[in-house]
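The values are calculated or read from the model by the stated rules, or taken from the named source; none is laboratory data. Predicted, not measured: the structure shown is a model, and the values here were computed from it. Glycine gets a Cβ as well: all are built from the backbone with ideal geometry, and neighbour counts include every protein chain shown.
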Amino acid sequence: MSTISDRVQIGTGRPSVVSAALAMTIAATVLAFLVVPGLTVYPLVAFMVVAAYGWYAHQEETARSLMFVMTASTVLILALITVYLVVKSIPAFRIMGVDIVLKTNGPFWNPREKLYALFPMIWGTLITTLIAICIAAPLGVAGALFISEIAPRWARELLKPAVEMLAGIPSIVYGFIGFVIINPYMMNELSVSTFGSLIAVGIVIGVMALPTVVSVAEDAIASVPGPMKDGSLALGATNWQTMTDVTIPAAFSGVTAAVLLGVGRAIGETMAATVILGHAQVLPEPLYNVFGNTETLTSLIASQYGIASGSQLSALFAAGVVLFVTVLVISIASQRIEARMKQKLGGEV
Amino acid sequence: MAVDSTPTNDLVQEGTGRLQTIGYVLQAVALLVLVASFALLFEVVDAQSLVAGQSVLTWMGLGFGVLGLGFVAVAGLSRADLVESTPIKSAGVGAGIVYALIGFVVVGLVSSQTLGLQTLWVIPAILAGGLVFLGAVYPREDIGSTLPAAGFMVFAGTTFLTGTIGLDWTWQPIPNGAVFDASMALIVTGFFGGLLGAWTAARAGNGFGSRGRQSGAYLLVSVNAVAMAALLFALVTFVAVRGWAPMTRGIKTGIFWEPVYWFYFQPIQEYVIFQIPGLWFYWPFTMEGAALMNDINGVAPAIIGTFWLVVGAILFAVPLGVGAAVFLTEYAEQGRFTQLVEISTNGLWSTPSIVYGLFGLALLVPRLGNSNSILTGMLVLGFMLLPLVVITSRESLKSVPDEYRDASAALGVSQWQTIKSVVLPAAMPGVITGVILGVGRIAGETAPILLVTGGSPFPSTGADIFDPRFAFTGQFPWVSLNIVNVDPLLQPSSALPYQLYAVISAGLSENLSFAWGTALVLLLVVLGFYAIGIASRAYFRRKLQA
Amino acid sequence: MYTQVMSDRTVRRRTLLTGAATLAASVAGCISTSPTKPGSQPQTTSDGGDGGDTQLLKAGGSSTVYPITNKASSYWGANPPADDEEYWGPSQFGIETDERLANYWGGIYGFESSDATPPFNVTVNLSHSGTGLENLKAGRIDIGNSSAPVSAELPEASEEELSKFTNHVVGVDAQPIVVSQEIYEAGVTKMTGDTLKAIYRGDITDWTDVPNYGGPSKQIQCVGRAEGSGTDTAFRVNLFGSPDAPMPGVDVRKGQNQQVNQIVSSSDNAIAYMALAFVSDSTPAITLQFKGKEFVPGENLSDPDYPLSRDLHSYTYEGTSKLEAAFINMILSDYGQEVFVKAVGYAALTDERQQEERAKLPDQV
């Protein structure tokens, strides 16, 4: 899509004073807010004055610069999040070194002795995510297949909004239901010895990640070009054979991206885990005991932010850094895969 | 012209009569077994409860037996060509692996539990798996896909019917883990067995071959989809049923008469009062806070808190997001900068909410009054809303056809004017839809609010932000006009998701119905936003296509 | 053309909106949402809390002290009149006044109010002792509740920093040990201190190893509190002798007493240390044997010998302002001890200690 600026000349082409002034004032505001919060008002007022003048006198130019500033803000926010998380977590890394993720025998977490090892939490996150993906991935892809290929029109109209609404149920409501229904069920019917277990959290998070997988996979499957499927049918293959041998391989990158996004969602899930689990920072015994009761990275932060100060708070930030890095890597990976899929199929999604 | 007497085959064989009927019957039995396992899971019935004279355990065992015998019969009929079926040479590697896994698990369980082999159970298990695989793949499809399933069914049936897994059986697979009893065994076996039986019956009933496989696959996928829809329905209904009574307790309505104008009428020496009817509506749960003197405690402060948080987040995120989207689609060229922006937008979108909360705690809280406040919550939720607004605005801006822009340029309108008066209005519906859906998401977020806004768990009054007051004063400038109180913006507040979390933390022994009511209010608010967003998206899509 | 259609629709939309707005405004005048039907009876409560300029006293912290301060703050907010025997009734405590509750107690320190609106508002947060004291130090709240002394909660603080906290003891908690009902009914109605230590250290993990237990083999679910809670600190100090003592046997840690109560009553194998105010039928307290003496709940737990008893503190920072003193004075009075402390289950202060605490408050106006 070509932009208007290709065809119409705007302005006189020289960098304008207004843009420079806008950029400087907004940079000053941000800087002031970060370093000397009390003085933020002055650059902010200056920015508004310049913007008002520019809007009145050179609206075209001011609009463009303002939009540029707004766009840059997204990058700025991400950068700020990264920087602040890392900076705040440095004291914990300094105290613990690499042991913070590598210490594999207990005790693990003792704030009074400044002992902060994240291994049980990482293990807990890993187990719950695995269980969640075992539920969300196959059922999600199957659901996506149903919605885009098998369902009659009326079922599709009903099911797509239904899946989106399922995605909308807040996680605290899931956590509440898990706490009130699943935990006592596990305790009474299955005689689990603690109130709260990793498998309960895994099941709940799986149900939460399911709609994400379904929506994205459905988009991917629906974007496979019709002619490809028609060709297969013309050769005498059944619908199902077309799906398994033509559609899914063609949409494979998209489906993988969907599963990766589901994984990202499952890793970042906080409130369900916080409410359902009991917060003992120990490793389940034996290690593969899915009925064990330990902590995940997210529930650690949510349950301890209030009592933490000093080095303990820094350790919580360290957990946040681990989370953030993991999810960022997964997100970039799924983005790359989706871009490749668009390239392969040659169409806009 | 001579009548063509050569027999014609149908192009697609529809309805193979006897076989299809048998297939349907077996599918029905298998689905019944599946339903029974769900009934056991949700404790509608118990393993020993009696249904028509026999315990549920016995009925399920019988079901398995029927399935097993039915599959053997189908295999025999098909092999002896007594029914029309189109099996191909082999059941396929996929089916072979499924059956092999089942064989592995069953023999493994038997050898480790019944025979007591500690680690050696792997050997007979692998052997069994291999044998079953060969048995499924090697013979013709109509034998290879039914007999292994029949074997499993018969095995399960006899195990339950003969009491090997009786009503007082227990098993603890993982030390310190859960203890499974007969009900659990029935649930697991019923679930997998029912699905397996339905799948095999669907294949068999449609004559094997590729048509049979399609039917089998369709059945499984449809069951899955029905289950997902049923799950949503069940979740929402469950919360609604439990929460309806506490939420609607004490609602009072009525008509009251409001005096509007009166004057003194001399001849009758009385006041004449003109009254108009007014509507009186009192809903305690959403209009009251939690205070001692209340008959019914409510969540009004939480609703007010959520309202202000959402308003603040929208005011912050929508201009910023739409501006960024406009720049990306209208002004910028594809290059490093746009790629960077795309990466960071996606990164922001997938960042966990607790990380946003930590960020707010680290950056904003010390700079905005050093305590939890609504303002910080607004900003953090705005950060969360931003990527969603950018993404949906970009999509809706891209979907505005180029013709609009070209026509405007042809008239000599500058780029910014074009955007302002042509492109943006056309893209507005998509933007609004995206904002509504985004608001639905952030209205339900708890973690950031917990960290940066949360205040006392059972507040009695909400934040008094919108407080229009107008009065004449005695000094310059002789009027006092107050629209918005800034002070409450810097105080902690409650919000609906936080309120639910606080109730759970405060202990549910006395507050359980309050918690259900809060959950229902939260669900209604969030799902309401989603419903409006989805409906508006469908509406605008239809208008665009029309 | 597109623009033509747009403007038509805009006009129609505009008239519709203005029509709806005027309708809504006119209807709004006729809608009432008050608790009682308008015009049917005189309003009993006024819309308190507006005016925007009333001061706010913020308290928060320990979940153990929470029942006391929360009840006090809700009574304060309700501001019942003097003839309300159930909630106020000053004559029952030898106080001569006919003012409302908050007006009386506020008036002692110069905070006047003449109507149903209290002279200032009080909010109480719920977290735990460590958080409360941190927030107090940072100036975010005015009163920090704690169920362990500040020196144990903030071990990294220097003497000088600790001296800035003023300690007000508002009640005494005898920390009971509770077990799940099934365990109690299976015979565990008393326990020695050594058994308790062994359970919390992780040396005993099955109920069959506990004397007096007559039921089937069950794993012990050992419930603790989050580190940083006063209850946890006090438990460690009292049982093991040091606030840093490790307790590796703990399976579940919860942040507040309320959550511990929930778990013990929903499970069938739990043991926990809690606060007196939360003991109930589904969380029965057991008798403890320490150094040959038996401490039976309900009888002699408030004995000074009971090793697991602790003071309940409401700390203030850098002295006690008149605002804080007005509220604390109410809790320390005979009325407060009876209605807020004893009524929720804790032990009241002895007369001697009560005098001592009241002497710490600034002079009354």
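Taking the condition outside any helix (DSSP H, G or I) and either without any contact (Cβ under 8 Å) to a residue 40 or more places away in the chain or more than 32 Å from the chain's Cα centre (by Cα) (or both), does A:Ser232 pass?
So A:Ser232 fails the test.
Against the conditions (1) free of Cβ contacts under 8 Å to residues at least 24 places away in the same chain; (2) of a type in the set (A, V, I, L, M); (3) closer than 20 Å to B:Ile442 by Cα, where does B:Ile504 fall short? Just the number, please.
Answer for B:Ile504: the failing condition is (3).
State yes or no: is B:Gln334 assigned to a helix (DSSP H, G or I), within 28 Å of A:Glu60 (Cα to Cα), more than 8 Å from chain A (Cβ to nearest Cβ) and out of contact with any strand residue (DSSP E or B) (no Cβ under 8 Å at 6 or more places or on another chain)? Outline the logic, then answer.
On the way: assigned to a helix (DSSP H, G or I): no; within 28 Å of A:Glu60 (Cα to Cα): yes; more than 8 Å from chain A (Cβ to nearest Cβ): yes; out of contact with any strand residue (DSSP E or B) (no Cβ under 8 Å at 6 or more places or on another chain): yes.
Against the criterion (assigned to a helix (DSSP H, G or I), within 28 Å of A:Glu60 (Cα to Cα), more than 8 Å from chain A (Cβ to nearest Cβ) and out of contact with any strand residue (DSSP E or B) (no Cβ under 8 Å at 6 or more places or on another chain)), B:Gln334 does not qualify.
Can you name the residue in region C:136-171 that is in a loop (DSSP other than H, G, I, E, B) and without any contact (Cβ under 8 Å) to a residue 24 or more places away in the chain and is also farthest from the other protein chains (Cβ to nearest Cβ) among such residues?
Initial filter on region C:136-171 (in a loop (DSSP other than H, G, I, E, B)): C:139-142, C:147-149, C:154-158, C:163-164, C:167-168.
Narrowing further to those that are without any contact (Cβ under 8 Å) to a residue 24 or more places away in the chain: C:156-158, C:163.
Working: C:Glu156: 7, C:Ala157: 11, C:Ser158: 14, C:Ser163: 19 Å.
Filtering first and then ranking leaves C:Ser163.
Would you mention how many residues in region B:106-122 are surrounded by fewer than 16 Cβ atoms within 10 Å (Cβ to Cβ) and either in the same structural domain as B:Gly193 (by TED's automatic domain parsing) or of a type outside the set (S, T, N, Q) (or both)? It would help to see each step written out before you state the result.
Here is the first cut: in region B:106-122, the residues surrounded by fewer than 16 Cβ atoms within 10 Å (Cβ to Cβ) are B:109, B:113-116, B:118-120, B:122.
Filter once more, so that each one left must be either in the same structural domain as B:Gly193 (by TED's automatic domain parsing) or of a type outside the set (S, T, N, Q) (or both): B:109, B:115-116, B:120, B:122.
Of the residues in region B:106-122, 5 are surrounded by fewer than 16 Cβ atoms within 10 Å (Cβ to Cβ) and either in the same structural domain as B:Gly193 (by TED's automatic domain parsing) or of a type outside the set (S, T, N, Q) (or both).
Could you say whether any residue in region B:302-322 is in the same structural domain as B:Asn372 (by TED's automatic domain parsing), surrounded by fewer than 24 Cβ atoms within 10 Å (Cβ to Cβ) and in a loop (DSSP other than H, G, I, E, B)?
No - not one qualifying residue is present in region B:302-322.
Could you tell me whether A:Ala257 is crowded, with 24+ Cβ neighbours inside 10 Å, outside any loop (DSSP other than H, G, I, E, B) and either polar (S, T, N, Q) or more than 7 Å from every other protein chain (Cβ to nearest Cβ) (or both)? Show your work before the answer.
Working: crowded, with 24+ Cβ neighbours inside 10 Å: yes; outside any loop (DSSP other than H, G, I, E, B): yes; either polar (S, T, N, Q) or more than 7 Å from every other protein chain (Cβ to nearest Cβ) (or both): yes.
Taking the combined requirement at face value, the residue satisfies it.
Among the residues of region A:60-78, write down those that are more than 7 Å from every other protein chain (Cβ to nearest Cβ) and under 16 Å from A:Thr29 (Cβ atoms). Steps first, answer last, please.
Step one: list which residues in region A:60-78 are more than 7 Å from every other protein chain (Cβ to nearest Cβ), which gives A:61-62, A:65, A:69, A:72, A:76.
Those that are more than 7 Å from every other protein chain (Cβ to nearest Cβ) and under 16 Å from A:Thr29 (Cβ atoms): A:Ser65, A:Val69, A:Ala72, A:Leu76.
Looking only at helices (runs of 4 or more DSSP H) that lie completely in region A:62-172, which have at least 1 residues being within 30 Å of A:Pro211 (Cα to Cα)?
Of the helices (runs of 4 or more DSSP H) lying wholly inside region A:62-172, those with at least 1 residues that are within 30 Å of A:Pro211 (Cα to Cα) span A:119-145, A:153-168.
Collect the residues in region C:255-268 that are within 12 Å of chain B (Cβ to nearest Cβ) and either in contact (Cβ under 8 Å) with a residue 12 or more places away in the chain or within 19 Å of the chain's Cα centre (by Cα) (or both), keeping them in residue-number order.
C:Gly255, C:Gln256, C:Asn257, C:Gln258, C:Gln259, C:Val260, C:Asn261, C:Gln262, C:Ile263, C:Val264, C:Ser265
Give me a count of the residues in region A:31-47 that are surrounded by 16 or more Cβ atoms within 10 Å (Cβ to Cβ) and within 13 Å of another protein chain (Cβ to nearest Cβ).
Going residue by residue through region A:31-47, those that are surrounded by 16 or more Cβ atoms within 10 Å (Cβ to Cβ) are A:32-33, A:40, A:43-44, A:46-47.
Still in the list and also within 13 Å of another protein chain (Cβ to nearest Cβ): A:32-33, A:40.
Count: 3.
Can you tell me which residue is nearest to the chain's Cα centre (by Cα) among those in region A:282-299 that are surrounded by fewer than 24 Cβ atoms within 10 Å (Cβ to Cβ) and of a type in the set (A, V, I, L, M)? Show your work before the answer.
We begin by selecting, within region A:282-299, every residue surrounded by fewer than 24 Cβ atoms within 10 Å (Cβ to Cβ); these are A:282-291.
From what's left, of a type in the set (A, V, I, L, M): A:282-283, A:287, A:290.
Working: A:Val282: 26, A:Leu283: 26, A:Leu287: 27, A:Val290: 24 Å.
Residue satisfying both the conditions and the ranking: A:Val290.
Any residue in region B:157-170 that is under 23 Å from B:Val223 (Cβ atoms) and surrounded by fewer than 24 Cβ atoms within 10 Å (Cβ to Cβ)?
yes
In the list B:Gly61, B:Gly68, which residue meets the criterion of being at pLDDT 85 or above, touching a Ser or Thr at 6+ places or on another chain (Cβ under 8 Å) and either surrounded by 13 or more Cβ atoms within 10 Å (Cβ to Cβ) or at positive phi (or both)? Steps first, answer last, please.
Values: B:Gly68 fails: touching a Ser or Thr at 6+ places or on another chain (Cβ under 8 Å).
On inspection, the qualifying residue turns out to be B:Gly61.
Can you give me the number of residues within region A:43-99 that are of a type in the set (Lys, Arg) and out of contact with any helix residue (DSSP H, G or I) (no Cβ under 8 Å at 6 or more places or on another chain)? Spell out the reasoning first.
Within region A:43-99, the first condition is being of a type in the set (Lys, Arg), and the residues that meet it are A:64, A:88, A:94.
Now restrict to residues that are out of contact with any helix residue (DSSP H, G or I) (no Cβ under 8 Å at 6 or more places or on another chain): A:94.
Residues flagged as of a type in the set (Lys, Arg) and out of contact with any helix residue (DSSP H, G or I) (no Cβ under 8 Å at 6 or more places or on another chain) within region A:43-99 amount to 1.
Determine if region A:89-109 includes at least one residue that is within 8 Å of another protein chain (Cβ to nearest Cβ) and crowded, with 20+ Cβ neighbours inside 10 Å. Walk me through it before giving the result.
Restricting attention to region A:89-109, the residues satisfying the condition of being within 8 Å of another protein chain (Cβ to nearest Cβ) are A:106-107.
Pick out the ones that are also crowded, with 20+ Cβ neighbours inside 10 Å and you get none.
So far as region A:89-109 goes, no, none of its residues is within 8 Å of another protein chain (Cβ to nearest Cβ) and crowded, with 20+ Cβ neighbours inside 10 Å.
Would you confirm whether any residue within region A:268-279 is among the acidic types (Asp, Glu), in a helix (DSSP H, G or I) and under 28 Å from A:Ala79 (Cβ atoms)?
No, that holds for no residue.
Give just the number: which of (1) more than 26 Å from A:Leu297 (Cβ to Cβ); (2) facing another protein chain (nearest Cβ under 10 Å); (3) in a helix (DSSP H, G or I) does B:Asn294 not satisfy?
Here B:Asn294 clears every test but (3).
Does B:Pro267 fit the bill of being without any contact (Cβ under 8 Å) to a residue 24 or more places away in the chain, exposed (fewer than 12 other Cβ atoms within 10 Å of the Cβ) and touching a strand residue (DSSP E or B) at 6+ places or on another chain (Cβ under 8 Å)? Break it down into steps so the answer makes sense when it comes.
On the way: without any contact (Cβ under 8 Å) to a residue 24 or more places away in the chain: yes; exposed (fewer than 12 other Cβ atoms within 10 Å of the Cβ): yes; touching a strand residue (DSSP E or B) at 6+ places or on another chain (Cβ under 8 Å): no.
Spelling it out, it is not the case that B:Pro267 is without any contact (Cβ under 8 Å) to a residue 24 or more places away in the chain, exposed (fewer than 12 other Cβ atoms within 10 Å of the Cβ) and touching a strand residue (DSSP E or B) at 6+ places or on another chain (Cβ under 8 Å).
Condition check: assigned to a helix (DSSP H, G or I) and closer than 22 Å to C:Gly77 by Cα. Does C:Glu324 satisfy that? Don't jump to the end; show me each part of the working.
Values: assigned to a helix (DSSP H, G or I): yes; closer than 22 Å to C:Gly77 by Cα: yes.
Answer is yes for this residue.
Taking the conditions exactly as written (in a helix (DSSP H, G or I) and out of contact with any strand residue (DSSP E or B) (no Cβ under 8 Å at 6 or more places or on another chain)), does B:Gly347 satisfy them or not? Outline the logic, then answer.
Values: in a helix (DSSP H, G or I): yes; out of contact with any strand residue (DSSP E or B) (no Cβ under 8 Å at 6 or more places or on another chain): yes.
Spelling it out, B:Gly347 is indeed in a helix (DSSP H, G or I) and out of contact with any strand residue (DSSP E or B) (no Cβ under 8 Å at 6 or more places or on another chain).
Residues in region B:265-276: is at least one away from chain C (no Cβ under 13 Å), within 30 Å of A:Pro161 (Cβ to Cβ) and either among the charged types (D, E, K, R) or within 23 Å of the chain's Cα centre (by Cα) (or both)? Steps first, answer last, please.
Filtering region B:265-276 down to residues away from chain C (no Cβ under 13 Å) leaves B:265-272, B:274.
Those left that are additionally within 30 Å of A:Pro161 (Cβ to Cβ): none.
Checking region B:265-276: not a single residue is away from chain C (no Cβ under 13 Å), within 30 Å of A:Pro161 (Cβ to Cβ) and either among the charged types (D, E, K, R) or within 23 Å of the chain's Cα centre (by Cα) (or both).
Mind listing just one residue for me: the one in region B:468-493 that is part of a loop (DSSP other than H, G, I, E, B) and within 11 Å of chain C (Cβ to nearest Cβ) and, of those, nearest to A:Tyr174 (Cα to Cα)? Even if it seems obvious, please write down each step before you answer.
Kept after step one, since they are part of a loop (DSSP other than H, G, I, E, B), are these residues of region B:468-493: B:473-478, B:485-486, B:491-492.
Filter again for within 11 Å of chain C (Cβ to nearest Cβ), leaving B:485-486, B:491-492.
Working: B:Asn485: 36, B:Val486: 35, B:Gln491: 29, B:Pro492: 25 Å.
Among those that are part of a loop (DSSP other than H, G, I, E, B) and within 11 Å of chain C (Cβ to nearest Cβ), it is B:Pro492.
B:Ala324 is checked against (1) touching a residue at least 40 places away in the same chain (Cβ under 8 Å); (2) out of contact with any helix residue (DSSP H, G or I) (no Cβ under 8 Å at 6 or more places or on another chain); (3) farther than 30 Å from B:Gly462 by Cβ and fails just one. What number does that condition carry?
Every condition holds for B:Ala324 apart from (2).
From (1) farther than 21 Å from A:Arg112 by Cβ; (2) touching a helix residue (DSSP H, G or I) at 6+ places or on another chain (Cβ under 8 Å); (3) in a helix (DSSP H, G or I), pick out the condition that doesn't hold for C:Leu133.
For C:Leu133, the exception is condition (1).
Mind listing whichever residues of region C:239-280 are in contact with a strand residue (DSSP E or B) (Cβ under 7 Å, 6 or more places away or on another chain) and part of a helix (DSSP H, G or I)?
Correct list: C:Val260, C:Asn261, C:Ile263, C:Val264, C:Ser265, C:Leu276.
Mind checking whether some residue in region C:7-26 is farther than 21 Å from C:Phe120 by Cα, basic (Lys, Arg), outside any loop (DSSP other than H, G, I, E, B) and modelled with pLDDT under 65? Steps first, please.
Going through region C:7-26, the residues farther than 21 Å from C:Phe120 by Cα turn out to be C:7-26.
Restricting the remaining residues to those that are basic (Lys, Arg) gives C:9, C:12-14.
Those left that are additionally outside any loop (DSSP other than H, G, I, E, B): C:9, C:12-14.
Still in the running and modelled with pLDDT under 65: C:9.
There is at least one residue in region C:7-26 that is farther than 21 Å from C:Phe120 by Cα, basic (Lys, Arg), outside any loop (DSSP other than H, G, I, E, B) and modelled with pLDDT under 65.
For the structure I just gave you, tell me whether A:Thr244 is within 30 Å of A:Gly292 (Cβ to Cβ) and polar (S, T, N, Q).
In short, no.
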